[in-house]
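Derivation of every value follows stated rules applied to the coordinates shown; laboratory data play no part. Here the structure is a predicted model, which means the values were calculated and not measured. So basically every Cβ, Gly included, is an ideal-geometry build from the backbone, and we count neighbours across all protein chains shown.
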Amino acid sequence: MKVWTGIVFILCMLAAGCSNMVNYYAGYQVHSKVEVKQDTFNGNYIISSTQVGLRANLIDDNPSFLSIIKSPNSDELSVVAMTYLTLNTSFYPSYAEDKQGNKLNASQAWTDISCDKSSGIYACRWITQVATVLDWEEIKTKLGEPMQLYMFRIHGNGMADTAVHSCQIWEIVTEMNRLNGDLSPVVKFGGQPCYN
């Protein structure tokens with residue numbers, strides 16, 4: 001009977017959608033799929049990749065997703081890595097730097113506290129989203145091959161390491177090509193999305 005109950009529970013979870021469970025566990029809205037939105041005010045496209053952690057996890061290891069703002073009237077892009085940090089205190093970033101020592105602008109997008117007392121112990125954690133400005137051409141060059149990482153460290157009242165993965169660049173480039181009417185497959189950056 002217990003096995004059957006477990007199977008029914010798993011099927012119900014799958015029917016309800018695993019994303020709700022992942023969002024609950026993470027404490028924020030998880031970017032588990034690529035999104036393309038158009039700003040109705042100025043017509044800019046906002047393209048967001050999936051989020052990937054330092055060791056290729058969806059919600060562990062300081063996951064980041066790329067958010068690209070592209071104007072339909074210009075080739076210029078604004079590129080920001082949005083990183084989720086789950087810590088015992090709110091995180092206030094001052095800057096970020098890559099492995100070559102290049103300084104990057106970083107700022108806090110939002111922070112929130114999430115508490116759970118279901119285990120009998122009142123445990124709280126702070127979830128902070130940090131925005132780090134990146135150079136599009138530089139990360140495209142560094143992540144041209146599959147399974148590459150562009151690592152950077154966020155400094156503030158502590159420090160946290162995170163990375164952009166080549167598959168995230170593939171996701172963004174694929175959507176940018178679609179917006180330009182090019183449906184040919186992108187073979188660089190690993191040739192596939194981060195999650196199939």
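Observations on the model:
- For the range 35-150, pairs of C-alpha atoms spaced more than 21 angstrom apart make up 48 percent of the total.
- Checked against a 21 Å cut-off, the cross-linked pairs 33/70; 37/188; 37/99; 99/142 give Cα-Cα distances beyond that limit for 37/188; 37/99.
- With the simple model of a label 7 Å out from the Cα in the direction of the Cβ, residue 178 to residue 38 spans 1.4 nm.
- Cα pair distances in the range 95-196, grouped into 5 Å bins until the bin that holds the longest one, percent each: 2, 11, 17, 16, 15, 14, 11, 7, 5, 2, 1, 0
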